[in-house]
Amino acid sequence: MAEVVVELNGKEILRLPLKGPTMTIGRDPTCDLHLDNRALSRRHAQIEKRGAAIWVRDLESQNGTFVNGERIAEPQALNGGDRIVVGRYEVRIDGVEQARRDTPVLTLTGPEGRHRFAMVGEEIIIGRAPSCDIAIGHKSISRRHMRIAAEGDHFVAEDLGSQNGSRINNKRINGPTPFRIGDKVQMSEFTIEVGFLESPETHGGDGGGPPRSGKTMLIDKSELAKAAYVDGDLKGGVGQGNISLGQAAASPPLEPRYGPADGFEFGDASAAELPSPPRLPPQPVRPPPSSGRPPAPTARPPPPAQPILTITHPDLQERELVLEGDVTALGEDGADGDTSDGRSFANQAYVVFVRTARVVVCTVAGDRRLLTVNGQPQLTATLREGDTIELGVLTVVFHNQG
């Protein structure tokens, strides 16, 4: 397990597990690493997990944060043997490893800038879903868009049924397709080129920079991260913009309320039809009491109301949708459809509305996220007049026109 170790005058005084995306160091009692010394600012520095990579950032402290004796002005990736100094304290990271010099590195260039990611696992899944190893929050990217893997002396790219497709050197690919160093792998407006962690550009040599003294970046694979952020145009760190790294890897997947036998599947299927509504177990029928008189007629339930959804999406105009079918699926992209006609939809997250004689129930399908209903995360919800449902950028207000 990765641990943050604090030493004072050569003696260990504190050791804590490196959990979560960030750990704050400072004099404020609310900091994760609370060091009560006037040489430290209240919030002095921060250890960050960027995928499998470990970075350190100074939080505009008065006396500065130092790595190997040099004051840092920008966030910096940690290499093997690096020691952080804050005030009179030394900080190091234990329980991690160094990435091999021949670790493949993906350079991603597109509308979100230029970013480099080390492939510390056997493969990397790229897509819009937060559970992907590299998540790109761009509307042209499908939820699970592409897989890239290293196989022997070459690499393989595979399109995962994306809507806009994938290409190698401008040629569209279908199944797993080999490519080599120098080839350009393309997804919509994004281009990926593959190199290695310790190439001449990153190791000095012809790149003109100072050579590293045999050390490479620290990586922590204890949370099963398959990508490590190397460097690029991020402002504020991975996860604080349209690029993120394996956000779902650190938290267990949600348990579905209904199993696959009930027609609901949760997760990121590469291509799946929308689920059917859940089937309720049969209810036992009790015989009428033997009173000698015919049973009174059973009162019929009131006719169902005419539910209406007001849909708001940043890429579309606000509109209203009448729930006429028993099951209606509303995609995160704003598209809708009645699942009773057997249609298939693109691979994305859906809010599924199940309309019964008395109520309308909603749930999420095709994703590990929860719905947000009136500001509260929920897996399923029985809707009432005026309820607001949110999933990503999609917002829906429920109206029951009875």
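Checking HIS44 against (1) surrounded by 14 or more Cβ atoms within 10 Å (Cβ to Cβ); (2) under 29 Å from the mean Cα position of the chain (by Cα); (3) modelled with pLDDT under 95; (4) not acidic (Asp, Glu), only one condition comes out false. Which one?
Among (1) surrounded by 14 or more Cβ atoms within 10 Å (Cβ to Cβ); (2) under 29 Å from the mean Cα position of the chain (by Cα); (3) modelled with pLDDT under 95; (4) not acidic (Asp, Glu), HIS44 violates only (3).
Scan (1) at pLDDT 90 or above; (2) assigned to a loop (DSSP other than H, G, I, E, B) for the single condition LEU309 breaks and write down its number.
Among (1) at pLDDT 90 or above; (2) assigned to a loop (DSSP other than H, G, I, E, B), LEU309 violates only (2).
Among the residues of the stretch 189-225, count how many are closer than 21 Å to GLU123 by Cβ, at pLDDT 90 or above and either touching a Pro at 6+ places or on another chain (Cβ under 9 Å) or among the basic types (Lys, Arg) (or both).
Total satisfying the criteria: 4.
Across the stretch 180-193, what is the total count of residues that are part of a strand (DSSP E or B) and surrounded by fewer than 19 Cβ atoms within 10 Å (Cβ to Cβ)?
First, the residues of the stretch 180-193 that are part of a strand (DSSP E or B): 185-187, 190-193.
When the remaining residues are screened for being surrounded by fewer than 19 Cβ atoms within 10 Å (Cβ to Cβ), the result is 191, 193.
Going through the stretch 180-193 one residue at a time, the tally reaches 2.
Would a scan of the stretch 78-95 turn up a residue that is on the phi > 0 side of the Ramachandran plot, touching a Ser or Thr at 6+ places or on another chain (Cβ under 8 Å) and small (Gly, Ala, Ser)?
Residues of the stretch 78-95 on the phi > 0 side of the Ramachandran plot: 81, 87, 95.
Next cut, touching a Ser or Thr at 6+ places or on another chain (Cβ under 8 Å) only: 95.
Now narrow it down to the ones that are small (Gly, Ala, Ser): 95.
There is at least one residue in the stretch 78-95 that is on the phi > 0 side of the Ramachandran plot, touching a Ser or Thr at 6+ places or on another chain (Cβ under 8 Å) and small (Gly, Ala, Ser).
Filter the stretch 71-89 down to the residues that are at pLDDT below 95 and charged (D, E, K, R), then identify the one that is nearest to the chain's Cα centre (by Cα).
Going through the qualifying residues, I end up with GLU74.
Go over the candidates ARG143, ARG114, ARG128 one by one and state the one that is of a type in the set (Lys, Arg) and more than 18 Å from the chain's Cα centre (by Cα).
Working: ARG143 fails: more than 18 Å from the chain's Cα centre (by Cα); ARG128 fails: more than 18 Å from the chain's Cα centre (by Cα).
After ruling out the rest, the residue left standing is ARG114.
Looking at the structure I just gave you, is ARG57 in a strand (DSSP E or B) and over 30 Å from MET146 (Cβ atoms)? If you could, list the steps in order and put the result at the bottom.
Numbers: in a strand (DSSP E or B): yes; over 30 Å from MET146 (Cβ atoms): yes.
Yes; evaluated as a whole, the condition is true for this residue.
Give me a count of the residues in the stretch 80-97 that are open to solvent by 60 Å² or more (accessible area, probe 1.4 Å) and touching a strand residue (DSSP E or B) at 6+ places or on another chain (Cβ under 8 Å).
Start the filter on the stretch 80-97 by keeping residues that are open to solvent by 60 Å² or more (accessible area, probe 1.4 Å), which leaves 81, 83, 88, 90, 97.
Now drop any that are not touching a strand residue (DSSP E or B) at 6+ places or on another chain (Cβ under 8 Å), which leaves 83, 88, 90, 97.
Adding up the residues that qualify gives 4.
So for the stretch 124-137 (the condition being outside any strand (DSSP E or B), within 25 Å of LYS11 (Cα to Cα), open to solvent by 30 Å² or more (accessible area, probe 1.4 Å) and not aliphatic (A, V, I, L, M)), does at least one residue qualify?
Let us first name the residues in the stretch 124-137 that are outside any strand (DSSP E or B), namely 128-133, 137.
Still in the running and within 25 Å of LYS11 (Cα to Cα): none.
No: zero hits.
Give the residues of the stretch 1-38 that are open to solvent by 50 Å² or more (accessible area, probe 1.4 Å), in a loop (DSSP other than H, G, I, E, B) and in contact with an Asp or Glu (Cβ under 7 Å, 6 or more places away or on another chain), sorted by residue number.
PRO21 - this is the single residue of the stretch 1-38 that is open to solvent by 50 Å² or more (accessible area, probe 1.4 Å), in a loop (DSSP other than H, G, I, E, B) and in contact with an Asp or Glu (Cβ under 7 Å, 6 or more places away or on another chain).
State whether one or more residues within the stretch 145-152 are of a type in the set (Asp, Glu) and in a loop (DSSP other than H, G, I, E, B).
Taking the stretch 145-152 as the starting set, the residues that turn out to be of a type in the set (Asp, Glu) are 151.
Within this subset, residues satisfying the condition of being in a loop (DSSP other than H, G, I, E, B) are none.
No - not one qualifying residue is present in the stretch 145-152.
Only residues that are within 16 Å of ASN400 (Cβ to Cβ) and either at pLDDT below 85 or assigned to a strand (DSSP E or B) (or both): list them for the stretch 326-361, please.
Once the filter is applied, which keeps residues that are within 16 Å of ASN400 (Cβ to Cβ) and either at pLDDT below 85 or assigned to a strand (DSSP E or B) (or both), the stretch 326-361 yields THR328, PHE353, VAL354, ARG355, ALA357, VAL360, VAL361.
Filter the stretch 376-388 down to the residues that are of a type outside the set (D, E, K, R) and more than 20 Å from the chain's Cα centre (by Cα), then identify the one that is modelled with the lowest pLDDT. Before the answer, list the steps.
At the first step, the residues of the stretch 376-388 found to be of a type outside the set (D, E, K, R) are 376-383, 386, 388.
Those left that are additionally more than 20 Å from the chain's Cα centre (by Cα): 380-383, 386, 388.
On the way: THR380: 92, ALA381: 92, THR382: 93, LEU383: 92, GLY386: 84, THR388: 89.
So, considering only residues that are of a type outside the set (D, E, K, R) and more than 20 Å from the chain's Cα centre (by Cα), the one modelled with the lowest pLDDT is GLY386.
The values are calculated or read from the model by the stated rules, or taken from the named source; none is laboratory data. Remember, predicted model here, so these are calculated numbers, not experimental data. Glycine gets a Cβ as well: all are built from the backbone with ideal geometry, and neighbour counts include every protein chain shown. Note: areas computed on protein heavy atoms with side chains; ligands, DNA, RNA excluded. Shrake-Rupley method; radii C 1.70, N 1.55, O 1.52, S 1.80 Å.
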